[in-house]
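The next block holds one structure in the form of structure tokens; read it before the comments.
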Amino acid sequence: MSRSLKALRRFGAVQSAVLVFGVGAYVGLPTVMRPVERAAASLGVDLNAVPGYVDAKHLFTGLQSDDWIALDEGSWFYMPTLYPAASFSQAMQVLQTQDVLIGQIPEVKDVLGKIGRAESALDPAPAAMVETYVMLKPESEWREGVTARQIWEEINRVATLPGVTPASALQPIEGRVVMLQSGIKAPMAIRIYGDDLQTLATAAIAVSAQLKKSPYVNSGTVNPDIVLGKPYVEFSVNREAASRYGMNASMVNEVIETALGGMNLIKTVEGRERYPVRLRYNRDLRERIDGLSRLPVVTQSGAVVPLEELASLETTWGPGAINSENGRLIAHVAFMTNGSVGDLESVAAIEEQLRQAQTLPESNPNRLSLPTGYSLEAVGSFRNQIEANRRLMWIIPVVMGINLLLIYVQFRNLPISLAVFSGIPVAFAGGMILVAWMQVELNTAVWVGFIALFGLAVDDGVVMATYVHQLLQKRRITSVQEIRDTVYEAGLKRIRPCVMTTVTTLAALIPVMIADGRGADVARAMAIPVFGGMLVEPFTSFIVPTLYCGYLELKMRFGLEDELWQGDAGERDTMGH
């Protein structure tokens, strides 16, 4: 019997090792081992000099955080921006050229490019914004060794023509969600708040220069908004001259609007189709800017005079689009991280870098100078993960507390409930180890998997503790040896049901773990922590009886009363007397 108890204690050592590696998988083994190294150094021992120790210590360097639940849509959403001064005909030519170049990539099945927008206030896309849907072939038809990210890099390389900005990697659904949430065309960006368009344009260029220096940013994806890049023709009405011809500023503006922009007179109906009839000057007159000032205008007095008699004309640069948020003008500098660390960690480091750059002295060439009242804010899809983390900070403790409460309701004994509850930390550590081993970044799907694991991790402990309690109730317990014999017998009879429960759970998760279809990324992210936790969960089938036995032994050795000392046999004797 003593051998069996020693064997059970060995499982306790294994459980402790699992907990240590689980914490190391989450925060990094170098962090966990740092106190041990300091203690060893105080004794004159350098653990880093031990052969293989450094390599083993860096087996787990800590988990990174992702800003998006992984979902492979099987396509890419290519959204570059042309220079705002590009004409619509030039934009169409660029779009068609890009579609041809992208379609020549072997892994691309179909390419559909779009430019312009519908007649809707819900689609503020300017004419310079290209939206190209790139549908990929099944992975079985790809070149050997090619990944989806490499295909995107090739798309960006071949389609980035002169005058076209680089685009950030997005998928169709992901891109739409990001644009609705943040108003940007990239997973993340720095938003600049200000009050003047010219100053915003200068600030966007300065921020982009800082981002290109960051070790966490892919410098090729830094894309500042071109705030002032649209050519404008401005007319200033000469009110005094217009009044001599019986016209006011409103009349002159109406003439200019009708002559150049056009005015809808009527609609023609042709079956189910309706077309507006628009009146304006011929194209050859409208497109010659140097000749606009000589366009003939019929005044209210009936005289025909050139437009320059009524208004002065000048060309200038203005905004292609004016964006605002919270009542202030904004500009964005989009970028992508280089993957050296997690997205949340990268964004935090980039924000700190920009704050430090603003505090540098004026003489420092790396200083980021922003006018008074201007501010920076990091925006993007990573905000979803930050909000999810805030909720998970209280959801996970609540879930674990509910588990402990339900166990206590079952046993009505806090030490026994804690013994059963010990399976949750062990399973949690096992899940973390597998997540780190498979190099999965932490996101909401992974944490949902851990929440599901908490409910499964105590099953074997509940089964084992319940049967131990039932068997002890049926016997008269008078010595420590009888406690050990009873617990040992109960463990032998319930180990098979516990193992079968665990095996069926693991077998049910195997199809999810090996799935590779659409949406499998999210399902696999939820299944990995459950699978890893259930792999180490069988240890609770040995730990719970050991803790149960140790608890009862202590009570008996210290002479404490317990209802199990008499059992059902004791109750029958009392009734007979």
Query raised in the report: Does V499 satisfy the criteria of being of a type in the set (A, V, I, L, M, F, W, C), open to solvent by 60 Å² or more (accessible area, probe 1.4 Å), within 29 Å of V20 (Cβ to Cβ) and in contact with a helix residue (DSSP H, G or I) (Cβ under 7 Å, 6 or more places away or on another chain)?
Result: yes
Query - Hits in region 404-458 - residues which are within 33 Å of the chain's Cα centre (by Cα) and among the charged types (D, E, K, R) - result: E441
Query raised in the report: Going through region 331-361 one residue at a time, which ones are crowded, with 20+ Cβ neighbours inside 10 Å and either assigned to a strand (DSSP E or B) or without any contact (Cβ under 8 Å) to a residue 12 or more places away in the chain (or both)?
Result: A331, H332, V333, A334, F335, T337
**Report entry** Evaluation of G229 against (1) among the small types (G, A, S); (2) loosely packed, with under 12 Cβ neighbours inside 10 Å; (3) modelled with pLDDT under 85; (4) part of a strand (DSSP E or B) (one fails), failing number
**Finding:** (2)
Query raised in the report: Just wondering, is there one or more residues in region 250-263 that are surrounded by fewer than 17 Cβ atoms within 10 Å (Cβ to Cβ), within 30 Å of F335 (Cβ to Cβ) and at pLDDT 85 or above?
Result: no
**Report entry** Hits in region 157-194 - residues which are surrounded by fewer than 20 Cβ atoms within 10 Å (Cβ to Cβ) and either of a type in the set (D, E, K, R) or part of a helix (DSSP H, G or I) (or both)
**Finding:** R157, V158, P172, I173, E174, R176, V177, M179, L180, Q181
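Conditions tested, residue by residue: (1) more than 30 Å from Q150 (Cβ to Cβ); (2) of a type in the set (G, A, S); (3) surrounded by 14 or more Cβ atoms within 10 Å (Cβ to Cβ); (4) modelled with pLDDT of 80 or more.
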| site | (1), (2), (3), (4) |
| --- | --- |
| W68 | no, no, yes, no |
| G74 | no, yes, yes, yes |
| V94 | no, no, yes, yes |
| L101 | no, no, yes, yes |
| V111 | no, no, yes, yes |
Query raised in the report: Among the residues of region 294-326, which ones are over 47 Å from the mean Cα position of the chain (by Cα), assigned to a loop (DSSP other than H, G, I, E, B) and surrounded by fewer than 16 Cβ atoms within 10 Å (Cβ to Cβ)?
Result: R294, Q300, S301, G302, A303
Requested in this report: Restrict the check to region 462-474 and report whether at least one residue is open to solvent by 60 Å² or more (accessible area, probe 1.4 Å), outside any helix (DSSP H, G or I) and touching a Gly at 6+ places or on another chain (Cβ under 8 Å).
Outcome: yes
**Report entry** Where a residue in region 80-106 is over 24 Å from G318 (Cβ atoms) and aliphatic (A, V, I, L, M) and its partner, wherever it lies, is open to solvent by less than 50 Å² (accessible area, probe 1.4 Å) and part of a loop (DSSP other than H, G, I, E, B), with Cβ under 9 Å and at least six apart
**Finding:** L101/L161
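The values are calculated or read from the model by the stated rules, or taken from the named source; none is laboratory data. Given the structure is predicted, the values throughout are model-derived calculations rather than measurements. We place every Cβ from the backbone using ideal geometry, glycine too, and count neighbours over all the protein chains shown. Side chains included, ligands, DNA and RNA excluded: accessible areas come from the protein's heavy atoms. Shrake-Rupley method; radii C 1.70, N 1.55, O 1.52, S 1.80 Å.
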